[in-house]
2 protein chains.
Amino acid sequence: MSPRHSAAEAARTRDRIVRAAVQDASRLGLEGLTLGTLAQRLGMSKAGLVGPFGSRDRLQMAALDQAGEVFRAAVIAPLVDLPPGPERLARLIDGWVEYLADCPFPGGCFITAASAELDGRPGPLRERLREIVAAQRRSLTEEIAAAQAELPGPHRPAEEVATVLAGLAMAANQEIQLLEDPSAPARARAAMRHAADLNT
Amino acid sequence: MSPRHSAAEAARTRDRIVRAAVQDASRLGLEGLTLGTLAQRLGMSKAGLVGPFGSRDRLQMAALDQAGEVFRAAVIAPLVDLPPGPERLARLIDGWVEYLADCPFPGGCFITAASAELDGRPGPLRERLREIVAAQRRSLTEEIAAAQAELPGPHRPAEEVATVLAGLAMAANQEIQLLEDPSAPARARAAMRHAADLNT
DNA sequence: CCTACCGATCGGTAGG
DNA sequence: CCTACCGATCGGTAGG
């Protein structure tokens, strides 16, 4: 009665493919992802990749979603037990810098790379990424506002502080990945804490 | 005695090609640049493109160098008559934000896009970009140190302020290009001035 | 999940 | 600068 390939097996295969796709796309970009190269890396045929996803476009989308989940798991999930406030924001900053310094993606922050790659390419991939980045920005702004509410004021607008923190993450990513500057993580952490008023 | 194609004509053709290559690469990335697409856009044959450059690799390198020059001409060159100090740094910030808000590249800041694309791709293109970015960072750090010397202290390390300004430029670029947020330029300008201690 | 194959496009060359 | 062409690789399909 058991089918030749169970649903669980199919899900595992799909997961293997999408994880390998994320690794490839991190180095070569989502447009650099090719079925031939990926199939070779996995010891599969191209048809074996197209099967579970239908097309390269859908595999790219699955890889983008998976990358968003990797970021969440590394930076956001560990905060789950802390209430909003200065300590939680400090932990967020520490986890973010650690994520950049010891990155789960071989080519550095996937979302930052995808943003630069896709911002000028209209289509579903760009729109999905826009939603992911906009949601991250909103939740970052909320974290900052919650911390400011417990800290002595006056404060800069939370949106402005969110832009500074997001920018510092991108600058640190460049310093780590392109410039290979070993002082980047410590400098980013100090600048992020300062921008968030956490050491005054 | 005059050759069928003068050196001046050859230089003009080369320049036309490299400018079109920068436009294409701004939208599609340096790896997305193809001889076929570029030839069609210019009404030329592929062989006509390869001639002046020798290979696609060398055309990519020429486009990267040209992009660095476009940035210099837009942001650095207008400062030539000002001595180092707070006013020159303020003008640099204004020019930088204006460059991002009304960008000479169709896909946003070329250097930022190239950084994300090339940081995981070893090779001459990556090394050239690394030199360009490192030189920009050094000159930015010098501008900041010169301004700090004329402003009441104490000051944060100039390297840290340079990281904040570079990061704010990347964040603003993302907000403009991907998020299409019309408040991005004003917020970036305020945050950059604040980071540089120019409005205290 | 495989092999075998499709038309299109890639970077590049030969010859003029 | 062109046309004509090269082998390689692209995403994807047919059939099993």
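Give the residues of the stretch A:119-162 that are basic (Lys, Arg) and closer than 29 Å to B:ALA116 by Cα, sorted by residue number. Explain how you work it out, then say what you get.
Filtering the stretch A:119-162 for residues basic (Lys, Arg) gives A:121, A:126, A:128, A:130, A:137-138, A:156.
Listed by number, the residues that qualify are A:ARG121, A:ARG126, A:ARG128, A:ARG130, A:ARG137, A:ARG138.
In this structure, does B:ALA188 turn out to be touching a Lys or Arg at 6+ places or on another chain (Cβ under 8 Å) and among the hydrophobic types (A, V, I, L, M, F, W, C)?
no
Those residues that are small (Gly, Ala, Ser) and either in contact (Cβ under 8 Å) with a residue 40 or more places away in the chain or more than 8 Å from chain B (Cβ to nearest Cβ) (or both), I need them from the stretch A:159-182; list them, please. Explain how you work it out, then say what you get.
Restricting attention to the stretch A:159-182, the residues satisfying the condition of being small (Gly, Ala, Ser) are A:162, A:166-167, A:169, A:171-172.
Those that are small (Gly, Ala, Ser) and either in contact (Cβ under 8 Å) with a residue 40 or more places away in the chain or more than 8 Å from chain B (Cβ to nearest Cβ) (or both): A:ALA162, A:ALA169, A:ALA172.
Collect the residues in the stretch A:17-60 that are of a type outside the set (A, V, I, L, M), in contact with a Leu (Cβ under 7 Å, 6 or more places away or on another chain) and either closer than 25 Å to A:GLU127 by Cα or buried (at least 17 other Cβ atoms within 10 Å of the Cβ) (or both), keeping them in residue-number order.
Of everything in the stretch A:17-60, those that are of a type outside the set (A, V, I, L, M), in contact with a Leu (Cβ under 7 Å, 6 or more places away or on another chain) and either closer than 25 Å to A:GLU127 by Cα or buried (at least 17 other Cβ atoms within 10 Å of the Cβ) (or both) turn out to be A:ASP24, A:PHE53, A:ARG56, A:GLN60.
Please state which of the following conditions A:CYS103 fails to meet, knowing it meets all the rest: (1) within 14 Å of chain B (Cβ to nearest Cβ); (2) within 16 Å of DNA strand C (Cβ to nearest atom); (3) not basic (Lys, Arg).
Among (1) within 14 Å of chain B (Cβ to nearest Cβ); (2) within 16 Å of DNA strand C (Cβ to nearest atom); (3) not basic (Lys, Arg), A:CYS103 violates only (2).
Tell me yes or no: at least one residue of the stretch B:155-163 is among the hydroxyl-bearing types (Ser, Thr, Tyr), closer than 18 Å to A:VAL164 by Cα and part of a helix (DSSP H, G or I). Break it down stepwise before answering.
First pass over the stretch B:155-163, keeping only residues among the hydroxyl-bearing types (Ser, Thr, Tyr): B:163.
Narrowing the set further to residues that are closer than 18 Å to A:VAL164 by Cα leaves B:163.
Within this subset, residues satisfying the condition of being part of a helix (DSSP H, G or I) are B:163.
Yes, the stretch B:155-163 has at least one match.
Of a type in the set (Gly, Ala, Ser), within 16 Å of DNA strand C (Cβ to nearest atom) and in a helix (DSSP H, G or I), is that true of A:ALA74?
For A:ALA74, the condition - of a type in the set (Gly, Ala, Ser), within 16 Å of DNA strand C (Cβ to nearest atom) and in a helix (DSSP H, G or I) - is not met.
Given the structure, is A:SER115 among the hydroxyl-bearing types (Ser, Thr, Tyr), buried (at least 16 other Cβ atoms within 10 Å of the Cβ) and within 20 Å of the chain's Cα centre (by Cα)?
yes
Can you work out which of the residues in the stretch A:4-33 that are more than 16 Å from DNA strand D (Cβ to nearest atom) and of a type in the set (A, V, I, L, M) is farthest from the chain's Cα centre (by Cα)?
The selected residue is A:ALA7.
Here, each number is a calculation from the coordinates, and none is a lab measurement. Being a predicted model, the structure only gives us computed values, none of them experimental. We place every Cβ from the backbone using ideal geometry, glycine too, and count neighbours over all the protein chains shown.
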